[in-house]
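Quick notes on the structure that follows.
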Amino acid sequence: MSEIGHLKIAITTNDLLQVDANFANAKQIVFYDVTYDDAVFVDCVQFKGGKGGGKRGPGGGGGCSMGDPNDGAAVDQVKLRVDALEGCAVLFTRALSDFAAVNVKNAGVFPVKMETGREITEVIETLQRMMNNHPPLWLRKALGYGVRNAEFLIERDEA
């Protein structure tokens, strides 16, 4: 869990401007640290095999490659993406299979499925409004409400 009042969120995207990709096929996941009145870009993780990924070069070949690093073994795209969510509290995505949702939830991340594509800035602004105006239970939990914070208790005892 991050600091109280800070949320590390993940957003699946293909164009880096909006929530426009489903979890299993997203070209990238962008990460933001969101507070009540600010949002800071943290990182972007890119994946092969996402929509539009793995395109062939202009000559029709696969480009220069020494060999398959996985020795032909299938790569679990869901596991790769779930592993990338480490430290996140919330995932915003366009679509999510039941299998992926269970894995995301088991990783301690609350999945939010968007019915339509939305601009990333709009998603962050909406989240901040929810954070500031009676957040729902899942968001209170992600923000650390009701969690005993040892640092706060030490500061309070000293005062």
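The values are calculated or read from the model by the stated rules, or taken from the named source; none is laboratory data. Here the structure is a predicted model, which means the values were calculated and not measured. In this analysis, Cβ positions are derived from the backbone assuming ideal geometry, glycine residues included, and neighbour counts consider all displayed protein chains.
Kindly establish whether Val82 is β-branched (Val, Ile, Thr) and modelled with pLDDT of 85 or more. So Val82 passes the test. Close contacts from region 107-136, counting a first residue that is free of Cβ contacts under 8 Å to residues at least 12 places away in the same chain and a second that is crowded, with 17+ Cβ neighbours inside 10 Å, with Cβ to Cβ under 7 Å and a gap of 6+ residues or different chains, come to Met130/Leu139; Pro135/Leu143.
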